[in-house]
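Each reported figure results from applying straightforward, stated rules to the coordinates on display, with no laboratory input. Keep in mind that this is a model prediction, so the values were computed, not measured. For neighbour counting, all protein chains shown are included, and Cβ atoms are generated from backbone atoms with ideal geometry for every residue, glycine included.
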Amino acid sequence: MSFLKKLGLVLAQVGATAVGLGPIVAPLFGSGAGKVVQIAATVANDLTAIGSVIAQIETALQGKEGVEKFRAAVALVGPIVRTSQLVSGKKIADEALLQKGIEGITQGVVDVLNAIHQDSVKLEVKSGN
C-alpha cells in the first residue's frame, strides 16, 4: 500500500479537519512579495496546498478509479497554479500547454507522495501536517 493510499484511508477514518487539513477548496495563494524568503514561503505554501488537495481527493474519492481521482485533483490544482506567482497576472500564450503543465505538476506531487513509505502516515497524522 502506498503512502498516499494509506494516508487517504487514515484521513477517512479520522476526518480531514481533525488532522489540520482545510476544506477542499481553500483560499488560493499569491502575494506581491519581492523578497526571496517570501517567495520561498509562497512556493512551499503552494506545494503544501497541492499535496493537501491530493490527499483530500484520495480521502473523498476512495473506491474510485485513479483516473477519476486524477481528474478531480487536476481540477483543484489548476487554480492553485494559475494564482501562483509563477503564472498570476501573465498572459497565457498556449492554454493547452499550461493545462499539460498543471497535469504534470499534479502527477508529480502524486508520485512524490506515493514515494514516501507508508509508515510515515503515523507521523503525518500525529503532527497534523
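Descriptive notes on the structure:
- Whichever aspartates and glutamates have a C-alpha closer than 19 Å to that of Lys100, once near sequence neighbours (fewer than 8 apart) are set aside: Asp46, Glu68, Asp111
- A cut-off under 11 angstrom between Cβ atoms defines the neighbours of Ala73, and their net charge, with Lys, Arg +1 and Asp, Glu -1, is -1.
- Ordering of 86-93, 107-114 by packing [mean C-beta count within 10 Å, highest first]: 107-114, 86-93
- Using the Cβ of Ser84 as centre and a radius below 13 Å, the other residues enclosed give a net charge of +1, where K and R count +1 and D and E count -1.
- In this label model, Ser88 and Asp119 are separated by 4.0 nm, measuring between points 7 Å along each Cα→Cβ vector.
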